[in-house]
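Okay, structure first, notes after.
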Amino acid sequence: MPPRLPHADPGTPDIRSPLRYAWWLARCQPWRVFRGSVIGTAWMVGLSVRPYLIARAVDGGLRTGDYGALLWWVAAIVVAGIALAWLGIMRHRTMTFVREDATARSAAVVLRAVSRGGAALTRKLDAGEVATVSGSDIGNVSHVLTLTGPGVGAVIAYGVVAIVLWSVSPFLAMFVLLGVPAIAVAIGPLLRRLDRAESVYRREQGALTAQASDIVAGLRVLAGVGGRSLFARSYAGRSQRLLLEGYRVGAVASWIFAGIVVIPGLFLAAVVWLAARMAGAGEITIGQMVAVYGYVAILILPVYFLLEGGYQLIRGRVAARRIIALLKLAPDGTAEAVTAKTPSAPADLHDPATGLRVRPGELLAVAAADPAEAIALADRLGRFAPGEVTWGGEPLAGMPLAQVRERILVDEHDSYLFAGTLREVLQIRPELGDAQITAALHAASAEDVVEALPLGLDTPVGVRARNLSGGQRQRVRLARALLAEPEVLILIDPTSAVDAHTEARIALRLRSARQGRATVVIATSPLMLGRADRVAHLRDGRIVSTATHAELMETDRAYRALVSRDVDSNDDLDSDSDTGFEAVRR
Amino acid sequence: MTILPVADRKGVRRALVDLFAADRRAVAVVLGLHTAASISGLAAPWLLGKIIDEVVAGASASAVDRLTLAIAGCVLAQGLLQRFAQYYGHRFGERAVAGLREDFVHRTLNLPVSVVERAGTGDLATRSSVDVAAVGNTVRDVVPVIVLASAQLGLLFGAVFLLHPLLGLVAFAGLPSTFLAVRWYLRRASAAYLAEGAASAELTDALTTTAEGARAVEALRLTEARIAFGRQRIGAQWATRRRTLALRSVFFPVVESGHALPVAAILLAGGYFLNRGMVTLGAVVAAALYLQQAIEPLDRVLQWVEQAQRGFASLARVLGVGQVTPEPRGAAEAPASRELVVRGARFSYSDGHDVLHGIDLEVRPGERLAIVGPSGAGKSTLARLLAGIDAPRSGTVTIGGCPVTDLDPAERRRRIALITQEHHVFIGSLRDNLRFAAPDATDGQLQSALDTVGADWAGELPEGLDTRLGDGAHELGAAEAQQLALARLVLADPHTLILDEATAALDPTTARRTERALAAVLTGRTVIAIAHRLNTAHDADRVAVLDGGRVTELGSHPELMRANGSYAQLWRSWHGGSSNTGAC
């Protein structure tokens, strides 16, 4: 029976050790695994039926000239062939179900871990690791479960062939039963040697592919500055080095493949020789002699299965260890110490470090001489960084995190945009309808973004909205933050990438969109500052003055220099234009 | 909506024929060796048949010994022949793949910029990684296996014919069902496996992006939404895998049931012929063993044939890049003056409606011109026309009287550079990352270019100019990468720079550092800046206001302020409640 995926609840994984993790994946589907073992065994044993039937057909039909008996044996061969094919596909299906159930379960627990990981995850985890886990580790662990089906089958099949051979000749049986594993063990290291020889090649090949992708990614830069021939030559040089490495691999690999042909071939010759001598001496029949030849070939399969299973186990253990490491990064959520309640009504948010106080319902702008200080301030206010911040007089750090996140939102300058249609990007709660989305886009002056897209809101945008321009991305981000409708919204430079016309509109609309709720905007553009209720001037870690934009322009010389970049009046201040024309003139 | 072409069947076939023809001798040697190896491989069952006949005839032990030794000799010969066949085949495959990939990169580098931009880098990136690798695997691994296995199959069936032509005819009895199953499967498999691969990649994407955006997930409380999204991807992956499993569930049993048919037919017919004394028992047994032996290469072909099909699909996409007309080598003489003139330029993107409606603009050598205007006014489009990336639909853009698009691309880049928000650090040393802008530059010149843009960090790198950058080696931050881009400009030394919001996507701290570096680069050049910050316009020699694809105002800042048009209005509102704007 095919599993129903994704699982409603993937369950709690056993992360005490890699093998326990794999065992947990099997334990979650005991009946399917059992069925896999039974069918796998039946299939493996069934493989030895054809040589047996051919031998009987030779002995009982061909040699004796009994055409009726031959007819029966041939019919049996055809029926057995169909039965074997049926068993084969049932085994394959069942084991695919086992592996896919495990894959979906692993993916679900990893998904849960990264979704709940939170801001701390980005510091502890590289996205490349997640890609490795998802791209190969999950699959490798699932492959370990193959041992439960054909693995068990291989052991039993080996035993069955042993018994049949024993009935032919104990001496031949001993020779074959010990010889085949010996050969498998002899060939195993050869295969691993090949693996090693190829690993250098594969690494080089990966680097070459990366270089080609790199050239493609930088094509536009090359178009702007030139230098294409240099890159073509460098790629060709590397490609030729890979070619030579390929020749080396080819030399080693071809000898190994020859060994894989010759070693079992010589063993088979030895078996034939023994059997023929025994047949000549009348100890076994001609049919039995042919059957022994067939059994040797058949035995190779279960033995290889077991060897392969061994490698899968080694690889799967490494993979499971990486999955477990990732799962352990996720917070369990129970350790949080709650010492304070969130205020029951909108209240002052206060940062003692800078002296900033955010009042309920106001539009407060923070103009910072050093943008890094402003970002640190925002992180403290939103509890993304430790601080002494109080909310309604109580320490923010002691409040339940979930409630803080619900009511205070810090939207970073480059906050992440997930892939999806534009509607999906904006619809951060399922209950948000098109009317609300349209209103938020209007407030962010982003209607033209939607209009420019071929399918409007239904146009897919890539990860980080890379197919939008910087200004479009910024406005989509702003619309998304507005749709969250937090009690306190903290925006970091929300209009740095839009033109002055658009910025003027956003400044005006943001005010009405956030009417009655506290909004903190970190910005240095006079268009934005001029619309704020109050502007706080942050310099050297402290709020040095707070008033309206107009008042500060009158009274605070450093502020005036900061926002109007009046370089003549204040040489020690940083300039901030997007071309630096004035810096040239200095 | 792929824009890059894909080679058709004929094109792929021609490319394959060319590939083999180019290395004719090697191909002949490989085929010869493989055939010889397969023939020695066939000897074992034939000799076994001989042994049986000898034993039935009551032969001596020494005859058995001799025949067995012959078997061992054949096995050794087969091993040796196979070794060399494989080795030369491998070398041929490596050469063919190297040629294909180098050709691909060469052609990619010569694609016109406008084609690259319209196609997007996604399609090209897939072709350069997934498709080139798939072609590599196919040519190097899959094609030899299929050629070898097909040769073995041919010889095995041929051997049965040799034993007795009638037995040979009978042997084909089991093949029609296999043939039909393969045809059925191949028509469906490629699309299904591609969908499976895409679904797996999408699940990986869902997981990695969730991890990358972990802070946004927490801040915007998207945990449940991300889990729901990921679950959907898990479900989608399962759906595609069920589809491929369904295909295998038909294909495998039909083919495997077919394996028994040739053996059964041989035994049945063999018994009949044996009774009439037309064949020996040994011949029938040997034929049965040959057919039993044929199962393995047959399975091998079936196992790889689908991958070969996919490899050819990739080859079609790799070859497709070569069908784009490469960027023309401009014929025009190098212009004497550096005056940029736009006359009546109109431009439309593929959807047909004009973005620019007749632009007239003269940029004087050495001047600083700011272009301002609302989003969608056509500022970036104008920048691309000025840089010669696109040609106007009508009207002209000339430099020193010569149309910019007629200049040789390399020549043009030496004169006019376009700098956008995009920057790219190439995998390679810091030196590689700079030198392509000026291939003849000395280390001292590279160093001074870095100094000019204030890239102090370069001095602190462990191995100086030899430090590897990108791809897991030393990663540069956004500001450092932008400084690197500017250092390239210093080296390329164009007389005209077009800046299209070069720092807009950077965070404020980074933007500020970059701007200081930029100032050093601008000295002594003609600069055209697309600006969204009005203080840029204030500092420029002239300001062009672009609105709805037309230049609506043009003049110096004081002139425009006096004219009291839309620019003046915007300037005033930009300064908000400030009363002393006049002091600026």
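Values in this text are rule-based calculations from the coordinates and carry no lab data. On a predicted model such as this, the values are computed, not experimentally measured, just so you know. Because the Cβ atoms are built from the backbone with ideal geometry, glycine has one as well, and the counts that use them run over all protein chains shown.
When A:Ser344, B:Ser448 are arranged by Cβ crowding within 10 Å, least crowded first, meaning fewest neighbours, the order is A:Ser344, B:Ser448. Local charge for A:Glu447 was computed over the other residues whose Cβ lies under 14 Å away, with Lys and Arg +1 and Asp and Glu -1, and equals 0. I'd like the orientation of helix B:443-452 relative to chain B: the angle between its Cα long axis and the longest Cα principal axis, in ° from 0 to 90, rounded to 10. That helix lies at roughly 50 degrees to the long axis. Think of the protein assembly as shown as a dipole: +1 on every Lys or Arg Cβ, -1 on every Asp or Glu Cβ, centred on the Cα centre; then among B:Ala531, B:Gly311, A:Asn467, B:Gly311 lies furthest on the positive end. Magnitude of the charge dipole for the range A:56-190, about its Cα centre and with charges confined to Cβ atoms of Lys, Arg (+1) and Asp, Glu (-1), is about 380 debye. Based on Cα contacts under 8 Å between residues 6+ apart, chain A shows a relative contact order of 14 percent. Applied to the range A:365-370, the Karplus parametrisation 6.51 cos²θ - 1.76 cosθ + 1.60 on θ = phi - 60° returns per-residue 3J(HN,Hα) values of 9, 10, 9, 10, 5, 10 Hz, with x for Gly and Pro. Basic side chains Lys and Arg get +1 at the Cβ, acidic Asp and Glu get -1 at the Cβ, and with that the dipole of chain B about its Cα centre reaches some 1640 debye. Enumerate the calculated ³J(HN,Hα) couplings along the range A:338-344 in order (Karplus 6.51 cos²θ - 1.76 cosθ + 1.60, θ = phi - 60°), each rounded to whole Hz, writing x wherever the residue is Gly or Pro. Going residue by residue, I get 9, 10, 9, 9, 6, x, 6 Hz, with x marking Gly and Pro.
Once the Cα atoms of helix A:170-217 and of chain A are each reduced to a long axis, what angle between those two axes, in degrees from 0 to 90 to the nearest 10, is obtained? Taking the Cα atoms of chain A, the angle to A:170-217 is about 30 degrees.
Seen from B:Ala308, the other residues with C-beta closer than 14 Å to its C-beta sum to a net charge of +2, counting Lys and Arg as +1 and Asp and Glu as -1.
Note that the range B:340-576 shows a convex hull volume over its alpha carbon atoms of 136 Å³ per residue. Positive end of the dipole of chain B (Cβ unit charges, origin at the Cα centre): among B:Val397, B:Leu100, B:Thr223, the Cα lying farthest that way belongs to B:Leu100.
The largest-to-smallest principal axis extents of the Cα set in chain B are 121, 55, 51 Å. In this Cβ point-charge picture (+1 for Lys and Arg, -1 for Asp and Glu), the range A:349-568 has a dipole of about 160 debye about its Cα centre. Here the 3J(HN,Hα) profile of the range B:239-247, calculated from phi with Karplus coefficients 6.51, -1.76 and 1.60 at θ = phi - 60°, is 4, 5, 6, 5, 5, 5, 5, 4, 5 Hz, Gly and Pro shown as x.
Against the main long axis of the alpha-carbon atoms of chain B, helix B:143-163 sits at an angle near 20°.
Distance between Cα centroids, the range B:187-205 to the range A:1-67: provide it in whole Å. Result: 27 Å between the Cα centres. Roughly how many whole Å is it from the C-alpha centroid of the range A:197-244 to that of the range A:73-152? Cα centroid to Cα centroid, the span is 34 Å. Note that the range A:434-536 carries a Kirkwood radius of 14.0 Å, evaluated over its alpha carbons pair by pair. Close amide H pairs (under 5 Å, H built 1.01 Å from N) link B:Leu476 with B:Gly470, residues at least 5 positions away or on another chain.
Would you please classify the overall shape of the range B:220-260 from the alpha carbon gyration tensor, given that a ≥ b ≥ c denote the square roots of the eigenvalues, rounded means a/c under 1.5, and beyond that prolate means a/b larger than b/c while oblate covers the rest? It comes out prolate by the Cα gyration axes.
Where the centre of each part is set by its Cα atoms, how far does the range A:305-380 sit from the range B:287-327, in angstrom? Cα centroid of the range A:305-380 versus Cα centroid of the range B:287-327: 50 Å apart. In plain terms, the residue of A:Glu424, B:Glu501 with the fewest other Cβ atoms within 10 Å comes first and the most crowded comes last, giving A:Glu424, B:Glu501. Of the trypsin sites (Lys or Arg not before Pro) found in the range A:415-515, those in coil by DSSP whose Cβ has at most 14 other Cβ atoms within 10 Å are A:Arg466. Fewest-first ordering of B:Leu461, A:Leu527 by other beta carbons within 10 Å of each residue's beta carbon gives B:Leu461, A:Leu527. Three principal axis extents of chain A based on alpha-carbon atoms, in descending order, are 119, 61, 42 Å.
Residues whose amide H comes within less than 5 Å of that of B:Val551, counting only those at least five positions distant or on another chain, are B:Asp360 (H built at 1.01 Å from N in the peptide plane). Every Cα-Cα pair in the protein assembly as shown was counted, and those over 47 Å apart are 45% of them. A dipole drawn for the protein assembly as shown from +1 and -1 charges on Cβ atoms has a positive end, and of A:Ala217, A:Gly259, A:Ser415 the residue lying farthest that way is A:Gly259.
For trypsin sites (Lys or Arg not before Pro), the sites in the range B:261-320 that DSSP calls loop and that have at most 15 other Cβ atoms within 10 Å are B:Arg276. Helical runs assigned H by DSSP (4 residues or longer) give chain A a calculated mean residue ellipticity at 222 nm of -21000 deg cm²/dmol, each run adding -39500 (n - 2.57) before division by the residue total.
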